[in-house]
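Enquirer: Next up is a structure, given as structure tokens.
Quick note: the coordinates plus some simple rules give every number you see, no bench work behind them. What you are looking at is a predicted structure, and each value in this text was computed from that prediction instead of being measured. Note that each Cβ is placed from the backbone with ideal geometry, even for glycine, and that neighbours are counted across all protein chains shown.
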Amino acid sequence: RKEVEQDPGPFNVPEGATVAFNCTYSNSASQSFFWYRQDCRKEPKLLMSVYSSGNEDGRFTAQLNRASQYISLLIRDSKLSDSATYLCVPAGAGSYQLTFGKGTKLSVIP
Amino acid sequence: GAGVSQSPRYKVAKRGQDVALRCDPISGHVSLFWYQQALGQGPEFLTYFQNEAQLDKSGLPSDRFFAERPEGSVSTLKIQRTQQEDSAVYLCASFRGRNYNSPLHFGNGTRLTVT
């Protein structure tokens, strides 16, 4: 099993749609989880941190299921500006180690 | 500047040449990382520094790759005798502490093309 597996994508959705990305991780010791957003030919930027069962930030909701080692990201009311690649990133327990998934590409279509 | 700065932005090297990539982290950031990102992939860990100490270099793909951070601020990633498979974007990132209690800030990367 790969350390981090994400939905292959690409996801092509119309503006206003709700879209969800899934991510599974293999390291059961992971304590912190992050979603990063990466625009084409740009550097990754932190979108959300996920520390407990999940959290919400405006149109974005992240959920964590530790038993199943599964994280999801839900985007409501998609905007054209949401078009990007979304990287799932679990962090090792109490350490610096971040493992990036390959990312899921989202294209929001007018 | 306020962010992580990398130079050069683009580098074209002929196979066999040596290259040096520079990273200026955010001032005061203890932790510094180098990542390699191939087209269509997520960033792959190369090495980690805490101040001037290189605590983990397990991701360096071969002994042709060498990184240093002698004064605990600026870091250099050196690739000797470049090969075509070294072509990728090299990302530097830093954060303030020693574990993830603060966000990881990335530079905009150096795009290396080996011909």
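Enquirer: Using a 4.7 Å Cβ cut-off, which Cys residues in the protein assembly as shown lack a partner cysteine?
Expert: Lacking a cysteine Cβ partner under 4.7 Å: A:Cys40.
Enquirer: Report ³J(HN,Hα) in whole Hz for each residue of the stretch B:16-23, in order, from the Karplus equation J = 6.51 cos²θ - 1.76 cosθ + 1.60 where θ = phi - 60°; Gly and Pro get x.
Expert: x, 6, 9, 10, 10, 10, 10, 9
Enquirer: Give me B:Leu39, B:Leu32, B:Leu104 sorted ascending by neighbouring Cβ count inside 10 Å, so fewest comes first.
Expert: B:Leu39, B:Leu104, B:Leu32
Enquirer: If you don't mind, another one. Among B:Ser7, B:Gly40, A:Leu73, flag the residue with its Cα farthest along the positive direction of the charge dipole of the protein assembly as shown, charges on Cβ as +1 for Lys/Arg and -1 for Asp/Glu.
Expert: B:Ser7
Enquirer: Which of A:Gln63, A:Gln97, A:Gln38 moves most in a GNM of chain A, Cα contacts under 10 Å?
Expert: So, out of A:Gln63, A:Gln97, A:Gln38, the one fluctuating most is A:Gln97.
Enquirer: What is the percent of Cα-Cα separations in the stretch A:6-110 that go past 25 Å?
Expert: 15 percent
Enquirer: So how strong a dipole does chain A carry about its Cα centre when Lys and Arg Cβ are +1 and Asp and Glu Cβ are -1, to the nearest 20 debye? Please report the intermediate quantities before stating the final value.
Expert: Working: 12 positive and 10 negative charges, 41 e Å.
Magnitude of the dipole: close to 200 debye.
Enquirer: Under Stokes-Einstein, with the Kirkwood radius over Cα pairs standing in for Rh, what whole-number D in µm²/s applies to the protein assembly as shown at 10 °C and 1.306 mPa s?
Expert: This corresponds to a translational diffusion coefficient of 88 µm²/s.
Enquirer: So if I average 1/r over every pair of distinct C-alpha atoms in chain B and take the inverse, what Kirkwood radius in Å does that give? List each step's numbers first, then the result.
Expert: Values: mean 1/r = 0.0715 Å⁻¹.
Answer for chain B: a Kirkwood hydrodynamic radius of 14.0 Å.
Enquirer: Also: Taking θ as phi - 60°, what are the ³J(HN,Hα) couplings along the stretch A:26-32 by the Karplus curve (6.51, -1.76, 1.60), each to the nearest whole Hz, with x for Gly and Pro?
Expert: Result, ordered by residue: 9, 7, 5, 7, 4, 10, 10 Hz.
Enquirer: How large is ³J(HN,Hα) for each residue in the stretch A:78-90, as worked out from phi by the Karplus curve 6.51 cos²θ - 1.76 cosθ + 1.60 (θ = phi - 60°), to whole Hz, x for Gly and Pro?
Expert: 3J(HN,Hα) across the stretch A:78-90, in whole Hz: 3, 10, 4, 6, 7, 4, 4, 9, 10, 9, 8, 9, x.
Enquirer: Still on this structure: Considering the dipole of chain A built from charges on the beta carbon (Lys and Arg +1, Asp and Glu -1) around the Cα centre, which of A:Pro10, A:Val108, A:Val50 is farthest to its positive end?
Expert: Towards the positive end, the residue furthest out is A:Pro10.
Enquirer: In nm, to one decimal, how far is the A:Lys79 label point from the A:Thr18 one, both placed 7 Å along Cα→Cβ?
Expert: 1.9 nm
Enquirer: On to the next question. Tell me, A:Leu74, A:Leu64 in order of fewest to most beta-carbon neighbours within 10 Å?
Expert: Listing A:Leu74, A:Leu64 from fewest to most nearby Cβ atoms yields A:Leu74, A:Leu64.
Enquirer: For B:Lys14, B:Lys57, which order do you get if you count the other beta carbons within 10 Å of each Cβ and list the fewest first?
Expert: B:Lys14, B:Lys57
Enquirer: Ok, one more. Please go through the residue pairs A:Lys105/B:Lys14; A:Lys2/B:Lys11; A:Lys79/A:Lys102 and name each one whose alpha carbons sit more than 26 Å apart in this structure. Working shown, then result.
Expert: Values: A:Lys105/B:Lys14 32 Å; A:Lys2/B:Lys11 32 Å; A:Lys79/A:Lys102 23 Å.
Beyond 26 Å: A:Lys105/B:Lys14; A:Lys2/B:Lys11.
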